[in-house]
Amino acid sequence: MVHGITASTVKFGGFSPVKPIPNTLTAVKDHTRIFGDLTFVYPVISRRSRGLSIGINLNPDKKCNFDCVYCEVDRRTPGLASRVDLAKLQDELRWLIRFARDGELGKAPPFNEAPELTRVIRDLAFSGDGEPTMVPNFDACVRAVIEIKESEGLTDAKLVLITDAAGLDKGSVKAGLALMDQNHGEIWGKLDAGTPAYYRQVNRSAIPFERILSNLLETARVRPIIIQSLFLKIHGQAMTDPELQAYCERLNVITRAGGKIREVHAYTIARPTPEVWATRLERVELSQIAEAIRNNTGLPVELFD
Ligand code: SF4
């Protein structure tokens with residue numbers, strides 16, 4: 001948001017012409033989930049959202065059923081809350097939307113580096129310090145966010161779920177997804193591997209790989225989803241060709257079985273991770289992977305490095 005801009009000149013939820021967002025901005029590099037004394041919401045400039053995204057942190061307790069080697073959540077320090085207080089979440093969300101709308105977010109570091117990017121709230125994203133589908137009342141959380149989205153006039157803003165896909169088969173999650181479908185919902189499901197062995201190596205989860213794949217398929221049969229895949233080097237070794245072929249085949253299995261994949265987001269490590277041997281790919285390496293995915297699946301692939 002531009003310094004001093006008034007609420008009446010701020011467009012919320014609309015979509016202005018999109019320019020690439022440089023990955024050198026602090027607000028892009030630093031995706032901290034802590035803003036002021038807020039517990040359940042936080043602002044980020046997201047390249048994948050193409051601007052200002054308000055994160056909804058359903059896991060301030062930092063609970064996750066994955067333990068990705070590239071995870072940037074600091075689990076050495078305790079989480080802030082062990083359950084989602086819906087009334088507090090709504091109060092915080094309303095406050096942050098208005099803080100942005102009144103021009104104050106664009107004045108606050110690090111957002112003052114690019115205040116123009118805070119003019120439009122692109123989405124409200126269930127993301128945060130863990131896996132959003134692990135909360136027992138996911139549908140109630142979605143309903144609470146939709147109430148504020150509507151009352152604050154964010155009619156066109158997307159509602160995004162960023163998920164590791166492990167909980168997409170739960171009843172309350174399916175109910176929440178159905179609510180999202182009616183409110184510009186978008187599901188970004190994680191798939192980082194083609195084989196169970198690589199999945200165990202990268203995502204280090206006790207959830208069977210087959211369950212992740214079947215959840216992605218069943219969810220994609222109901223509405224188009226986005227697959228988000230992080231490619232990296234482990235001890236200097238990028239994903240091998242056979243693994244990449246297996247990964248592409250997993251996507252093909254989904255689409256052949258009637259699942260709809262709108263696009264693949266291919267990205268790499270952008271911020272420091274606790275595992276020093278998990279490192280980012282060079283842009284040329286990520287481009288080659290994106291090209292291989294396009295060639296082997298026919299899906300659109302967008303690259304974020
Ligand atoms: S799924 Fe997300 S929050 Fe969970 S370990 Fe992986 S990167 Fe971290």
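Summary of values
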{"item": "Cross-chain or 6+ apart pairs with Cβ under 6 Å, the stretch 173-196 first and without any contact (Cβ under 8 Å) to a residue 24 or more places away in the chain, then of a type in the set (F, W, Y)", "result": "P196/F209"}
{"item": "Pick from the stretch 126-135, criterion surrounded by fewer than 24 Cβ atoms within 10 Å (Cβ to Cβ) and more than 9 Å from the ligand (Cβ to nearest atom), ranking: nearest to W188 (Cα to Cα)", "result": "M134"}
{"item": "Complete set of residues in the stretch 192-238 that are within 16 Å of the ligand (Cβ to nearest atom), more than 21 Å from I289 (Cα to Cα) and in contact with an Asp or Glu (Cβ under 6 Å, 6 or more places away or on another chain)", "result": "R204, N215"}
{"item": "Test result for R250, in the same structural domain as A278 (by TED's automatic domain parsing) and touching a Leu at 6+ places or on another chain (Cβ under 7 Å)", "result": "yes"}
{"item": "Of all residues making up the stretch 66-92, the number that are away from the ligand (no atom under 16 Å from the Cβ), within 21 Å of the chain's Cα centre (by Cα) and basic (K, R)", "result": "1"}
{"item": "Candidates G189, G185 - the one that is touching a helix residue (DSSP H, G or I) at 6+ places or on another chain (Cβ under 8 Å), closer than 30 Å to E152 by Cα and within 16 Å of the ligand (Cβ to nearest atom)", "result": "G189"}
{"item": "Search result, residues across the stretch 38-65 that are part of a loop (DSSP other than H, G, I, E, B), closer than 25 Å to P136 by Cα and either more than 14 Å from the ligand (Cβ to nearest atom) or of a type in the set (A, V, I, L, M, F, W, C) (or both)", "result": "L38, T39, F40, L58, C64"}
{"item": "The stretch 119-143 residues that are part of a helix (DSSP H, G or I), paired with ones that are charged (D, E, K, R) and more than 10 Å from the ligand (Cβ to nearest atom) (beta carbon under 8 Å, 6 or more apart)", "result": "T133/K170; F138/K170"}
{"item": "Some residue of the stretch 196-219 being more than 18 Å from E131 (Cβ to Cβ), of a type outside the set (S, T, Y) and part of a loop (DSSP other than H, G, I, E, B)", "result": "no"}
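The values are calculated or read from the model by the stated rules, or taken from the named source; none is laboratory data. The model shown is predicted, which means the values in this text are computed figures rather than measured ones. So basically every Cβ, Gly included, is an ideal-geometry build from the backbone, and we count neighbours across all protein chains shown.
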